[in-house]
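The values are calculated or read from the model by the stated rules, or taken from the named source; none is laboratory data. The shown structure was predicted, so the numbers you read here are calculated from the model rather than taken from an experiment. Backbone-built Cβ (ideal geometry, glycine too); neighbour counts: all protein chains shown. Accessible surface is based on the protein model in full, side chains and every heavy atom, while ligands, DNA and RNA are left aside. Shrake-Rupley method; radii C 1.70, N 1.55, O 1.52, S 1.80 Å.
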Amino acid sequence: MTANWAAFAAVEPDLADTVEKRFGAYTHHVLATLRKDGSPRTSGLEVRFLNGELWLGMMPDSLKVLDLRRDPRFALQTNPGEGTGMGGGDVRISGRAIEVDDVATKAGYVEEVEPPEQFHLFRTELTEVVRTYVEDDTYLVVQVWTPGAPLRTIKRT
């Protein structure tokens, strides 16, 4: 089961807001894709939250594009930033990336983002959103959301 960003934000608006702010704190994040042989590949990436979708824009024919065309599964990790503070926590999103070729959709994206002249655009279908943070300098808190299930919160000391 998958959900787009709007569906996730509708059922978990507070977590969605935290995730968007965490991604918005830095420009570049880390995308994990699968190579031909199944081994992981990590790449830098910019992301955008627009019109109820989480978008991944990429340079023409980059290795991550080729990976996602072959196997759309991905994991996306927020940039941890400087030092060890990680304000807002560590956020990871997993799902499937679906390439968008629709001219009108790409044109709307271009108006908002101003990407390079040539680019590939993927919308995402989420399978998991995870936020990990420290509470009261005592607890490690892990929030896990998957489509169709309630938010799980796990606290560890």
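How high is the relative contact order of the chain, in percent, counting Cα pairs under 8 Å that sit 6 or more residues apart?
Worked out over the chain, it gives 23 percent.
So if the hydrodynamic radius of the stretch 59-157 is defined as the Kirkwood radius over C-alpha pairs, what does Stokes-Einstein give as its diffusion coefficient at 25 °C and 0.890 mPa s, in µm² per second?
Estimated via Stokes-Einstein, D reaches 153 µm²/s.
Using a 1.4 Å probe on the protein chains only, how many percent of the accessible area of the chain belongs to carbon and sulfur?
49 percent
Please grab the % of Cα pairs in the stretch 1-40 that end up more than 12 Å from each other.
70 percent
Given a 1.4 Å probe, how much area per residue of the stretch 51-142 is accessible, in Å²?
Averaged over the residues of the stretch 51-142, the accessible area is 53 Å².
What number comes out for the charge environment of T27, summing +1 per Lys or Arg and -1 per Asp or Glu over other residues with Cβ under 12 Å away?
Here the count lands on 0.
Counting helices only, and only those DSSP H runs with n ≥ 4, report the 222 nm mean residue ellipticity of the chain as the sum of -39,500 (n - 2.57) divided by its residues, in deg cm²/dmol to the nearest 500.
My calculation for the chain gives -7000 deg cm²/dmol from helical runs alone.
Can you figure out the FRET efficiency of T138 with H28, using R₀ = 41 Å and their beta-carbon distance, to the nearest 0.05?
0.85
Contour minus end-to-end for D17 and N51, with contour as 0.36 nm per residue of separation and end-to-end as the Cα-Cα distance?
Full extension from D17 to N51 adds 10.8 nm.
What FRET efficiency comes out for the pair K155/E82, r = Cβ-Cβ distance, R0 = 41 Å, nearest 0.05?
Step by step, r from the Cβ atoms, then E = 0.95.
Can you give the log10 of the normalised intensity I(q)/I(0) at q = 0.10, 0.14 Å⁻¹, computed with Debye over equal Cα scatterers of the stretch 1-104?
For the requested q values the scattering log ratios are -0.29, -0.58.
Scanning the chain for GluC sites (Glu not before Pro) in DSSP loops with at most 15 other Cβ atoms within 10 Å, what's the longest stretch left with none?
The segment 1-81 is the longest one with no such site.
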